[in-house]
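Down below is the structure, laid out as structure tokens.
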Amino acid sequence: MARGLLRHAVPILFAGLCLFGIIVAKITPPFLMSEMLVRMSRNSVLVLSLLIPILAGLGLNFGIVIGAMAGQIGAILIVHWGIPGIGGFALAWIIATPIAIVLGIATGSLFNRAKGREMVSGLIAGFFANGLYQLLFLFAVGSIIPFHSASMILPQGYGLRNTVDLNTIQYAIDGLIPLRFQMQGVEIRVPLVSYVIIVGFCLVTLWFFRTRLGQQFRAMGQDPHVAAIAGIAVERNRIVATVLSTVLAAWGQLLFLQNIGTLNTYSSHEQVGMFAIAALLVSGATVSRATVGQALLGTVLFHTLFVVSPLAGKALAGDAQIGEYFRVFVAYAVITVALVLHAWQSTRAAHEARKATR
Amino acid sequence: MAKPGIRLPGFLREFGIPRLLIAVFLVVLFAVAVATHMDLRGLISDSIVRVGRNGILVLALLPAIQGGIGLNFGLPLGIICGLVGAVISLNAGVHGIAGVGMAAGIGVALAIPVGAGYGWLLNRTRGQEMMVGTYLGFAIVSMMSVFWLLAPFKNPTLVWAIGGRGLRTTLSLGGIYDKVLDRWLTFTVSGVRIPGGTLFVFGALCFLVWLFFRTRMGITIAAARSSTRFARAAGISDERTRVQATVLSTVLAAIGIVVFSQSYGFVQLYTAPLLMAFPAIACILIGGASVTRATIGHVLVGTFLFQSILTVALPVTSQVIQGDISETARLIIQNGMILYALTRIGRT
Amino acid sequence: MTPSAASSAPPALELRSIVKEYEGNRVLKGVSLSVREGEIHALVGENGAGKSTLMNILFGMPVIWETGGYEGEILLGGAPARFHSPAEAMNAGIGMVHQEFMLLPGFRVAENIKLNREPTLPNPASRVLGPKLESLDVPRMRADARRALDQVGLGIDEWIAVAGLPVGHMQFIEIAREVDKANLKVLIFDEPTAVLTETDAEKLLAIMRGLAAKGHAILFITHRLDEVLAVADRITVLRDGEVVGTPDPKTTTVVRIAELMVGRPAGVTAPRRFFAPSTEPVLGVEHLSVDMPGERVEDVTLAVRRGEILGIGGLAGHGKLGIANGIMGLYPGSGRVIFDKAVFPLNEPRLALERGLAFVSEDRRGVGLLPEESIELNIALSALEAHGRFLHPFPIQPLRVVDHRAMRAHALEMIRALDIRTTGPSQQVRRLSGGNQQKVCVARAMTLEPRLLFVSEPTRGIDVGAKQRVLEILSALNRDHDVTLVVTSSELAELRAISDRVAIVYRGRIAAVLPPDAPDADFGLAMAGESAKAA
């Protein structure tokens, strides 16, 4: 019993923190329930996109922001062309996918050149890609690249506006099959189709790891050298893993955007990586091991804290801002601890492995 | 087996294509400035001011690289120490150079134990120093954000007017020690204003660091960086030298942010320090450093190149393009350079 | 040990005149050997003889192709073959049981056995997106694994995780993995018993015999000569990239094999000094054991006499390199060491340097040099660290600035004395040739002005001319500066040429201490562990 508690220390601690915050801020169950349902539905796929690289030995893919950008390009285009509803959303997916594949190949090749430093490379690559994204949308669009939707352009004549209204596709997926129920007199909406999609991705991920390719990924994740000797194309597989992650992130970001309904052109994607990774780690997943269940659990816990923290801050210290800084701190702290543990254990494991062959 | 592609002469290849592109970019910007009859003296003056302002933060990276820690993404830790020093000195209402001195002094005093702790952690996380440093820096900066809000500082110039508690996001140094060093030994050379004091402090610290790495302690630190086994064979404890290098780096960062703030005229709290490591790292890499080797020359050249581009890009390009492309250019150049360096570790 | 009856069939594996060069250095000079079906062929040779290079070629390792490929032919079952990757070699039927385990600890036994050859079943996705997405057929995986494990006589559950299993089991799982390969034509064992206990080693040899009896062709690489005689049908001895002998296991002895491996000395050249037995020891070593991976020292007791040159020899992997490393504190050691009549603490590299010991390591690049730094810094470094030489005086010790002029002057003197070919003292060490780099290492040790100097593999990887020079420098150091030398080397000839006495290490213990002009047979016996003579 004690051993189980220790192994699951992180999620338990987190749940405790959330509970404390809920009580202090006097949050009502219906409010919590509806917030949770919505946030889970729009963030889960982004967190799921982290699983494959972890199991393939690439660590935490800080580069999923690149996939998010691909998704956003799709969204911008369909709004520009004025294609609404589920059709527009589907088109956005179709556009985003090849972009995400190409970017994923680039990122994966980068990872192959920076072996052992994939995480920091992914982080910096995300920043770099953000720079290119800005170059594209802040300067090229409307000037070098003709863009006929004047309402989306900044007053200076070029550059996309800071916000793009997505109301034409908002709830395109969520609202497909409306499901509502009552809780304590408050009506709560359930985005059913989104959940179906999420469950679908979970099942696909689970199935994937029982295939030949999935087995290869698992082998690479444990020891790329042994995998290479066994004839597995490690470098190529790493690129495949990165592509899968990037594409899933693109789809996840689209799912996120159709729920939120607005695109902050230059900032919607910025914290995607950090939040998704923090969410995953909060469940007790590590840099080298993560399961589908942990992805889902982590999303719930992290986003609960996300909602609760400012409210608790206001209740405790009279200032919601404290709560906002606190939740960001928690996210960073969780990632820091996971990175430290991972590095600490790797150096210890190498030490032990040498001793084992005595 | 020859690789296809353009073959550059040897020394250019060692210089590196990214550096070449950056240098060319700077030259182009200046050429455009000259061609459009811009105020060249003003541009050069601003560039020099920026070099003096940022230089020490870049210098802070040198001991870490030479000590084997790699690129010190955890620079914000030292920066926070310096900021605490600055806030305390402001709260106490100390003016002028004495204020700067007090801020730096407190910052250094804090930076020593903080650097030692950070160095200890880096020893346990070998191979992942860069990630650990980055996120530790982020976490500490956010934690300090909470602290700034709850801080027991009472000086009315520092806290929010409404509520009377919690530090403001930016604290103005006007009238306290704004540009105190800049103006201390300022002089003009053919119309270009030179912030002598700041440059003097920067230069002095560069000299001291250079001298340090010619002392026994400095040589020991640099020698230990190549491998633990080499260090052990030479009788050196590389655990100790790595901590020493980290402390030195953190101390310099604390001093660096104080000098930066006085030059800039504002003390920036909360989320400002989050990303401060990245431009500094880009500077030293642009100057020619790698993850395993850096010299004072790299610090000087790189800071000059990068900061000049940042200074000059906006006024030059704003003649042609509306909107600030310098920020986007900064993102691309800065992160592109770091990415390039990351893919070259382990190659000679 | 039954050889194949069908001798008219082509051998399962044949290598013809394999030549391999690394940057002008000929590592393999035309090696030929063959392995028939049902035969165990033992390949023996010192480290550096070319065994690993030969295996890399056979296994299609990328390092071979990145450095210019090889000459000669490989024939598998009579048909020519050329492997450009491990995958190609494996697909063609070459199986290798590696020295370091190639197992995934987090996978189950069956998953390891079937790694990248898992039986699969098609599913809707695989029909569209390709065979890589076929689902694993777990029941068949387990059945195949079970069969392979039974073949090697290992009764463990095939569905448990490999992590935590005893070392012997892991080795057998490796074998099971190879045996499971349907198209297996040749099975190579690379030092399989290096990490096994005596009992497990016996079991492994039994498995080997069993596999040979079933008709497999087996290539057995080992340092353990008694094992060679126990199972081999044929033996090939490799030395310096050439086949120097193929003794018949039925009639040869361990001693003879050892002699072939090490080579016949060309003749003793340097004048010998004679020590009266009463010369007191300057260094006394009692029951030293050192945990150096690959060169483990079990129990060494030795006395080094003041002013002598003591040579330490022995076959690779038996521990000779561990002695110096252990005393100098580079690897964990235990035991009792007395230096200059005072007890000397182990595991203290700094202390060793301070007390007057110095070491030129066999690992020139990793431990001996800072390749990116200048020659003068490299030479001065140890003395700077340990004795505070080359520093300007200053009250605060750690902040004493380097006295560059003194450092440079000293470096120039060393360059002249040791004839180091360089453009100047500020040249980066990595630009020097191997021989000159070695001279820099020696210069660094000499700068410490030690009383006792350990030198390991002084002439490894150096061209012939420089070899002679380095040995002369060492002799001069001993003769003119009264430095006691302990030289560890795999080249027995070299040891016999300059040493006053030669100690031979076998399986972590001193097998014998011989005068350099003792009969060759004595050396062979000691190296093969057949001698009872002690120091």
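Here are the numbers for the structure shown:
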{"item": "Solvent exposure, largest accessible area first (probe 1.4 Å, DNA, RNA and ligands not counted), of A:SER149, A:SER245, A:SER109, A:SER143", "result": "A:SER143, A:SER109, A:SER149, A:SER245"}
{"item": "For A:LEU179, distant residues with modelled amide H under 5 Å away", "result": "A:VAL190, A:LEU192"}
{"item": "Extension gain, B:THR292 back to B:ASP39 (0.36 nm per residue minus Cα-Cα distance, nm)", "result": "87.1 nm"}
{"item": "3J(HN,Hα) from dihedral phi, segment C:242-257, Karplus parametrisation 6.51/-1.76/1.60, rounded to Hz, x for glycine, proline", "result": "10, 7, 9, x, 10, x, 7, x, 5, 10, 8, 10, 4, 4, 4, 4"}
{"item": "Antiparallel bridge percentage (DSSP; both residues within chain C; nearest 5)", "result": "55 percent"}
{"item": "Ranking by accessible area, most exposed first, for C:ARG479, C:ARG16, B:ARG193 with a 1.4 Å probe", "result": "C:ARG479, B:ARG193, C:ARG16"}
{"item": "Compactness of chain B as Cα Rg over 2.2 N^0.38 Å, two decimals", "result": "1.02"}
{"item": "Cα-centre dipole for the protein assembly as shown with unit charges at Cβ (Lys and Arg positive, Asp and Glu negative), debye to 20", "result": "1700 debye"}
{"item": "The protein assembly as shown - share of DSSP beta bridges that are antiparallel (%, nearest 5)", "result": "65 percent"}
{"item": "Portion, in percent, of the accessible area of chain C that falls on carbon or sulfur, probe 1.4 Å", "result": "52 percent"}
{"item": "Most mobile listed residue (A:ALA56, A:ALA150, A:ALA276) in chain A, GNM with C-alpha springs under 10 Å", "result": "A:ALA150"}
{"item": "Highest to lowest packing among A:22-32, B:122-132, A:91-101, scored as the average C-beta count within 10 Å", "result": "B:122-132, A:91-101, A:22-32"}
{"item": "Segments B:268-274, C:185-191, B:93-99, C:317-323 sorted - mean Cβ within 10 Å per residue, highest first", "result": "C:317-323, C:185-191, B:268-274, B:93-99"}
{"item": "Positive dipole terminus of segment C:281-527, leading residue within C:LEU474, C:GLN427, C:VAL290 (C-beta point charges)", "result": "C:GLN427"}
{"item": "Paired Rg and Dmax values of segment C:320-391, which use every Cα atom, in angstrom", "result": "13.3, 40"}
{"item": "Mean Cβ neighbour count within 10 Å, used as a protection proxy, ranking B:202-214, A:160-172 highest first", "result": "A:160-172, B:202-214"}
{"item": "Equivalent ellipsoid semi-axes - Cα gyration tensor, segment C:281-527, angstrom", "result": "30, 21, 15"}
{"item": "Per-residue HN-Hα couplings for segment B:36-41 [Karplus 6.51, -1.76, 1.60; θ = phi - 60°; Hz; x = Gly/Pro]", "result": "9, 6, 7, 6, 4, 4"}
{"item": "Area buried, chain A against chain B - accessible surface, total, 1.4 angstrom probe, square angstrom", "result": "3700 Å²"}
{"item": "DSSP-defined antiparallel bridges as percent of all bridges, segment C:281-527, nearest 5", "result": "55 percent"}
{"item": "Accessible area of A:TYR133 in the full protein assembly, 1.4 Å probe (Å², nearest 10)", "result": "10 Å²"}
{"item": "Inter-chain Cβ neighbour average for residues C:333-344, partner chain, 10 Å", "result": "0"}
{"item": "Debye, to nearest 20: dipole size of segment A:213-358, +1 on Lys, Arg Cβ, -1 on Asp, Glu Cβ", "result": "560 debye"}
{"item": "Inter-centroid distance (Cα atoms) of segment C:293-368 relative to segment B:186-217, Å", "result": "49 Å"}
{"item": "Shielding by other protein chains, A:107-116, mean Cβ within 10 Å", "result": "3"}
{"item": "Calculated over segment A:202-358: convex hull of Cα atoms, volume per residue (Å³)", "result": "150 Å³"}
{"item": "List C:HIS387, B:HIS37, ordered by accessible area with a 1.4 Å probe, largest first", "result": "B:HIS37, C:HIS387"}
{"item": "Kirkwood hydrodynamic radius of the protein assembly as shown, Cα pairs, Å", "result": "34.4 Å"}
{"item": "Within segment C:378-461, trypsin sites (Lys or Arg not before Pro) in DSSP loop having at most 15 other beta-carbon neighbours inside 10 Å", "result": "C:ARG421"}
{"item": "Per-residue HN-Hα couplings for segment C:378-389 [Karplus 6.51, -1.76, 1.60; θ = phi - 60°; Hz; x = Gly/Pro]", "result": "4, 5, 7, 4, 4, 5, 5, 5, 7, 10, x, 6"}
{"item": "Chain A: radius of gyration over Cα atoms, expressed as a fraction of 2.2 N^0.38 Å", "result": "1.03"}
{"item": "Shielding by other protein chains, A:222-229, mean Cβ within 10 Å", "result": "5"}
{"item": "Radius of gyration, Dmax [segment C:362-482; alpha carbons; angstrom]", "result": "14.3, 49"}
{"item": "Positive-pole candidate from A:PRO224, A:ALA241, A:LEU213, dipole of the protein assembly as shown, charges at beta carbon", "result": "A:ALA241"}
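The values are calculated or read from the model by the stated rules, or taken from the named source; none is laboratory data. Please read all numbers here as calculations on a predicted model, not as lab measurements. With ideal geometry, Cβ positions are generated from the backbone for all residues, glycine too; neighbour counts draw on all protein chains shown. Keep in mind that these areas ignore ligands, DNA and RNA; they rest on the heavy atoms of the full protein, side chains included. Shrake-Rupley method; radii C 1.70, N 1.55, O 1.52, S 1.80 Å.
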